[in-house]
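Beneath this line is the structure, given in structure tokens, with notes to follow.
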Amino acid sequence: MRVKVDPDVCQGHTLCNLAAPHVFLLREDDGHAYVAAAEVPPDQEDLVRKAVATCPEGAISIDEAGEAGA
């Protein structure tokens, strides 16, 4: 699984970081999220799905195929 945050859509609600703090980091200057690494560790996949579901802006997208398209 791969994940990304659209920086033009993210509004810094920080819910993704609360759901998956090892995957979603927050920029110090504005609190907007970014991913630590696009490839999600298997033990974090359910947390990332929760983060996608809770993002009010829909700024997070996942590719379930993972590295197949990389």
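The values are calculated or read from the model by the stated rules, or taken from the named source; none is laboratory data. Quick caveat: nothing in here was measured; it's all calculated off a predicted structure. All Cβ positions, glycine included, derive from the backbone under ideal geometry; neighbour counts span all protein chains shown.
Contact annotation: residue pairs with Cβ atoms under 8 Å, 6 or more positions apart or on different chains, pairing a residue in the range 24-48 that is on the phi > 0 side of the Ramachandran plot with a partner that is of a type outside the set (A, V, I, L, M), are 31/12; 31/14. Filtering the range 19-37 to residues that are within 17 Å of residue 9 (Cβ to Cβ) and at pLDDT below 95 leaves 30, 31. Evaluation of residue 53 against the conditions (1) at positive phi; (2) loosely packed, with under 15 Cβ neighbours inside 10 Å shows that the sole unmet condition is (1).
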